[in-house]
1. What list of ³J(HN,Hα) couplings, whole Hz, do you get for segment 110-120 from phi and the Karplus terms 6.51, -1.76, 1.60, once you set θ to phi - 60° and write x for glycine and proline?
2. Give, as a single signed number, the net charge of other residues whose beta carbon lies under 13 Å from the beta carbon of Y20, with Lys and Arg counted +1 and Asp and Glu -1.
3. Using modelled amide H (1.01 Å from N, peptide plane; none on Pro or chain starts), what sits under 5 Å from the amide H of R97, excluding residues fewer than 5 places away?
4. Just grab the label-to-label distance for R70 and I4, each label 7 Å out from Cα along the Cβ direction, in nm (one decimal).
5. Please enumerate, by chain and number, the lysines with C-alpha under 16 Å from the C-alpha of K26, excluding those fewer than 8 residues away in the same chain.
6. Whole Å is fine, so just give me how far the alpha carbon centre of segment 108-138 lies from that of segment 15-75.
7. Would you kindly derive the ³J(HN,Hα) couplings of segment 131-140 from the backbone phi angles with the Karplus curve 6.51 cos²θ - 1.76 cosθ + 1.60 (θ = phi - 60°), listing them in order in whole Hz, with x for Gly and Pro?
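Just so it is clear, none of the values below were taken in a lab; they were calculated from the coordinates. All figures in this text were calculated on a predicted structure; none of them were measured in a lab. Cβ sites come from the backbone with ideal geometry, for glycine too, and all protein chains shown count toward neighbours.
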Amino acid sequence: MPTIDDDGFLMWESGAINLYLAEKYKSPLWPADLKGKGRMYQWAYFIANDVEPNMITVMQHRVMFPPEKRNPALAEEADAKLQPKLKVLDEHLAKNRSFGADKWDLADFMVASVCYSFVPMKYDLGRYPSFQKWLMSSIERPKAREARALRE
């Protein structure tokens, strides 16, 4: 479980850590106004509550677990629940260039940090072209490439 120790302040939960650090260190991704913060929270909660749990179930039962421990029915059920959520993301991006207001910001970071998992699991996003294009461009941002290089 991701955890930080910020001068004795212990915190866990990766999404909360992202928001805490972005605000504390005045990240350029932090929204400039209250509406931007609202948008950022909206997408952060949507991803954490509506997308991530189903995505993880699909990933576990199609990719991560050993074949003998996979449950195809659970994967199919989670995938069926995931489809309308991916449609929400795709429809938003068909009309907007980002999840932030007029630029890629912390709302986008929160979505991309979770949805990056679609890439290594080789999830077919072909039905969601706007979202797929956004995700691929998000993970190719210079700082995203730099962060992945640190893990290699």
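1. Taking θ as phi minus 60°, the curve returns 5, 5, 5, 5, 7, 6, 3, 4, 4, 5, x Hz for segment 110-120.
2. Around Y20, the charge tally is -3.
3. none
4. 3.6
5. K37
6. Taking the Cα centre of each part, segment 108-138 and segment 15-75 sit 12 Å apart.
7. Result, ordered by residue: 5, 4, 4, 4, 4, 5, 5, 5, 6, 9 Hz.
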